[in-house]
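Step one of this worksheet: look at the structure below.
The values are calculated or read from the model by the stated rules, or taken from the named source; none is laboratory data. Quantities reported herein were computed from a predicted structural model and do not represent experimental measurements. Neighbour counts are summed over all protein chains in view; Cβ atoms, including those assigned to glycine, are modelled from backbone coordinates with ideal geometry. Remember, those area values only see protein heavy atoms, side chains included, never the ligands or the DNA or RNA. Shrake-Rupley method; radii C 1.70, N 1.55, O 1.52, S 1.80 Å.
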Amino acid sequence: MAKVAINLATGAIQQDELIVGIDLGTTNSLVAYVHPETRQPAAINDLGRGVLVPSVIHFPPDGSSPLVGSEAKDFLLSDPAHTIYSVKRLLGKSYRDLAGHAGELGYKVIDDDIEGLVKVRVGERFYSPIELSADILRELRQRAEHALKTPVRRAVITVPAYFNDSQRQATRDAGRLAGLEVLRIVNEPTAAALAYGLGLDPEETKTRAKTVAVYDLGGGTFDVSILRLHQGIFEVLSTHGDTWLGGDDMDRAVVNFWQEKFQLSPDFQRVPGLQQQLRLAAEMAKRYLSQHDDFTTQLLDQADNVTVVTLTRAEFDELIEPLIQRTLAACRQALADAGLVIGSQLSVASEKKGPALTTDNQQLITKLDAVLLVGGSTRVPRVYEAVSAFFGQPANNSLNPDEVVALGAAVQADILAGNRRDVLLLDVTPLTLGIETLGGLLDPIIPRNSKIPTRAGRQYTTSVDGQVNLKISVYQGERDLVSENRKLGEFVLSGIPAMPAGLPKIDVNFSLNADGILRVEAVELRSGTRQDVEIKPQYGLTDNQVEQMLMDSLTHAQQDVAARLLIEARTAAEQLLYQVGRFLTKNADLLSAAETAATEAKAAELRQTLTATARDLILQQMDALDELTRPFAERVMNESIQRAMAGKRIG
Ligand code: ADP
Ligand code: MG
């Protein structure tokens, strides 16, 4: 239960609002919170359905409201056109960004505007990835509300370290659409470190920074980040990976292996039901081999012919070796980009190729402070071994790798809720932000590794006599030429009074908020012409668009809203009943028999109404119960204050 407090002014029983942490994953999503009494982060398991919610949405053809999670997953093969998965891959992206991968998804990604944000077509309707992500977030929110019996309005959501501004903005918009105030967008590797308690005590990293590698192998994506923790600051030194590499590839390797070795009927590739059976068996084999050495199962074809298929740990390890090597290549790159050389790797290198020297900007270390394993696929023993061998130290896997990101998000939420005032947590921007100057060069304004939030600016002038417009193009990246960096957007400052070149003074200011979202502003100082220009990430949504989507979701789903309101009323009523019950037992000696009886009667009335569908009635009775108990609460408060004072003397 959350903390309970009585408001001294009104006597009403109040509850501190809970902030949850959400891992919105490509394959699985989950929500976690910090338990107010144990102070430990825990993943939420509503109705014993498990903590992982598959990130899959199914739209029933009859137009009823979408299914999210395992129920939706069952439709992946039988009704792929109405079943959306991997929506995180589409967030904040244009068709062009998908670079040919759109066809690999089982549903229809719209390609009529290759520059704008992608949409997904399901039947007659078009959905943006933001709306689809919001469906998942709404499901998580409802599960949290149901399991914790308290309204959930505020959240911290994690994103991969490599997410750019538009992807972060899209994640935030999805949260808003799901009715959540997104207090912070946190990098997944940072969350993992927090879950392990690393960097939580700024004192601990005061004299010496800690360097941590976070290796995250999920269902369809892989990334590795090198973090530096210093005095409460989490810095992403480098991040690398492959957004099309993960556990699904392991499953596919097993399917192909079986098909060949056991000469399976081609129907297993053609008939959806058989395909599904084979894929599920492959995933089961993979998971089983994380604990055992041999796997055996039977496959049934359409004519009920039985084929026994087997897989040993050794066969599986061999199948996935190429995948593992690809992840290690990314680790090597990430270390190099972070300017780190691990001693043990150096000695291996020198044995092979003679002495390997470190350059001036590389730092030689004996080992990292920790190597954290994240993502379901790191449960594969061979992955653990390979990563530990690569970094020359045992990897940390004591926390559940599917949960660790959400747990860390919950810790961050707890910090933001002010429950850990000793902790100061800052993030830094991983890439330099700047604008294009003459000759296509990047002029850095906010250097990488700046603590955020931050503001910075610089003065510019015109290069041509009588120039009245100045185009300002904003880029992100470390390269000198803008063409090598990522363009975030551009705008034109117009209305500069005609002057000789070099005379106008144009201030360009960048402000980066705590989520890593950027705003740019330009002012011509000499003339006083001030033009406030706001830059949005290239594919971000305007506030109007978000409002429009909110409106749409209201008009299209009147009954959804009504159902939501009813559930919220019921949840609030259950909460009130619980508080009142607790109040009665705790203060039995301070209340008269009549007061207790009256309260119990009103409570019983409310309890009966709970099953009805009349929201208004529930609210009315809640008010009535609240009104009845308020004076009692006030009196109890006063008496307990007097009791407390009686023992003490003032002055
Ligand atoms: P994401 O972060 O992409 O949403 P997850 O971290 O939830 O993904 O990882 C999902 C992947 O983990 C799936 O491919 C699943 O098969 C795999 N996985 C889960 N448990 C195990 C296990 N015990 N052994 C091997 N792989 C596993
Ligand atoms: Mg993940």
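Observations
- Cβ-based net charge around R208, under 15 Å, with every Lys or Arg adding one and every Asp or Glu removing one: -1
- Span from the region 261-310 Cα centroid across to the region 313-333 one, whole angstrom: 23 Å
- At R0 = 51 Å, FRET efficiency that the Cβ-Cβ distance of E600 and N419 yields, to 0.05: 0.90
- Excluding ligands, DNA and RNA, the accessible surface per residue across region 5-190 is 38 Å² with a 1.4 Å probe.
- Pairs with C-alpha atoms separated by more than 28 Å, drawn from the list K93/K210; K93/K505; K93/K149; K149/K586, are K93/K210; K93/K505; K93/K149.
- Most to least packed among 400-406, 630-636 [average Cβ atoms within 10 Å]: 400-406, 630-636
- Solvent-accessible heavy-atom area per residue, rounded to whole Å², over region 559-645 at 1.4 Å: 57 Å²
- Among 42-49, 314-321, the order from most to least packed when residues are scored by Cβ within 10 Å on average: 314-321, 42-49
- Inter-part distance where region 484-507 and region 145-168 are each reduced to a Cα centre, Å: 37 Å
- Cut-off 11 Å between beta-carbons: net charge of the residues surrounding A406, Lys and Arg +1, Asp and Glu -1: -4
- Between region 184-231 and region 91-132, the C-alpha centres lie 32 angstrom from each other.
- Region 559-645: C-alpha gyration tensor shape, a/c 1.5 cut-off, then a/b vs b/c: prolate
- To put it simply, the accessible area of the chain at a 1.4 Å probe is 51 percent carbon and sulfur.
- Annotation: peptides 217-226, 56-65, ranked by per-residue average of other Cβ atoms within 10 Å with the highest first, follow the order 217-226, 56-65.
- Mean residue ellipticity, 222 nm, helices only, the chain: the sum of -39500 (n - 2.57) across DSSP H runs of n ≥ 4, divided by residue count and rounded to 500, is -12000 deg cm²/dmol.
- Sites R635 and K210 - FRET efficiency at Förster radius 56 Å, r taken between beta-carbons, to 0.05: 0.55
- For R326 and S511, the FRET efficiency from 1/(1 + (r/R0)^6), where r spans their Cβ atoms and R0 equals 35 Å, is about 0.35.
- DSSP beta bridges in the chain [antiparallel fraction, %, rounded to 5]: 80 percent
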